[in-house]
1. List S219, S50 from most exposed to least, where exposure is judged by having the fewest other Cβ atoms within 10 Å.
2. About the Cα centre, and with charges only on the beta carbon of Lys, Arg (+1) and Asp, Glu (-1), how big is the dipole of the chain? Nearest 20 debye, please.
3. Would you please give the FRET efficiency between R232 and F118, computed as 1/(1 + (r/R0)^6) with r the Cβ-Cβ distance and R0 = 25 Å, to the nearest 0.05?
4. Rounded, prolate or oblate, given the Cα gyration tensor of the range 125-280, with a/c below 1.5 counting as rounded?
5. Positive end of the charge dipole of the chain (Lys, Arg +1 and Asp, Glu -1 on Cβ, about the Cα centre): tell me which of A117, S50, A245 has its Cα farthest that way.
6. Where the Cα atoms of the range 2-171 are projected onto their three principal axes, how long is each span, largest first, in whole Å?
7. Fully extended, how many nm does the chain gain between D217 and L77 (0.36 nm per residue separation, minus their Cα-Cα distance)?
8. Multiply the residue separation of M164 and A8 by 0.36 nm, subtract the distance between their alpha-carbon atoms, and state the gained length in nm to one decimal.
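Coordinate-derived values only; no laboratory data. Since the structure is predicted, the reported quantities are computational estimates derived from the model, not experimental observations. When we count neighbours, we look across all protein chains shown, and the Cβ atoms used for this are built from the backbone with ideal geometry, even at glycine.
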Amino acid sequence: MKIIHTIAELREWRKTVGTVAFVPTMGNLHAGHMALIQEARRQAAHTVVSIFVNRLQFGQGEDFERYPRTLEADAALITVNGGVDVIFAPDEKELYPNVIQQYQVNPPAIADELCGAFRPGHFRGVATVVSKLFNIVEADVACFGKKDYQQLAVIQGMVNDLNMPIRIVPVDTGRAEDGLALSSRNGYLNEAQRAEAPRLYYHLCRMKRAIEAGERDYSKLAIETVADLRVRGWHEIDYVETRNAISLKPAAAGDKQLVILIAARLGTTRLIDNIEVQLG
């Protein structure tokens, strides 16, 4: 397994190999990332994982400075779980040589809803860095987790609209035994908060069961969820939404493929989760 820090070295390596599957990450890896890597190994002969904390996708007051940088531990975890061909770990100057990225990828209006409404510019930063990484790695396949469902939709839309020669493979959300979606930010939770955090998944499952049983008053289901979360100490409940799983537009009466999405803050930690619903 090679750890490569420069674009030039990665491109030289890329010339020597066949098909490549790519997993972009910000590091501080956990079991959810290992599931992405495992899927990537199934998709191509060679696998590249990038580790880069992308300043562009962090808003003012967010945790860019305190986001864990754990390259040595990440490399060890990848090795224990079967390894990859390359870890691409550029520094900020390598990926953004002009300091200010003058040309950026602007997603459509859907990127300003849901998480985008509370994190202005976030998905522009995501789309920009992912497009740069796609250009550098020249992978055939890229694996993205469904936990960041809106991010997945933005990347899929970008690839389609810009005719990028790469196939996006969605990977199911990794979860702890109690249902909590695996996330690097779970490490910010104290013991009591960690015990409470699976409440998000509980409500997603509750809402899914209700919809499958015939409930179509999505607003009512959301209000019930918000009320319970507030009683239990959650605050800044950004959204509880039922959307069309393909377009991410608000769910209409005849929609069969749905996704329920939720974002709320527990203590100082913002958690997101979602669950898909297939009707008919």
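1. Values: S219 11, S50 24.
Ascending Cβ contact count within 10 Å gives the list S219, S50.
2. Details: 32 positive and 34 negative charges, 41 e Å.
It comes to approximately 200 debye.
3. Between R232 and F118 the formula returns 0.75.
4. Details: a/c = 2.27, a/b = 1.34, b/c = 1.69.
It is oblate, given that a/c is not under 1.5 and a/b is not larger than b/c.
5. Looking along the dipole axis, the top candidate is A245.
6. 39, 34, 32
7. Values: separation 140, 0.36 × 140 = 50.40 nm, distance 4.44 nm.
The D217-L77 span can extend by a further 46.0 nm.
8. Numbers: separation 156, 0.36 × 156 = 56.16 nm, distance 2.11 nm.
Full extension from M164 to A8 adds 54.1 nm.
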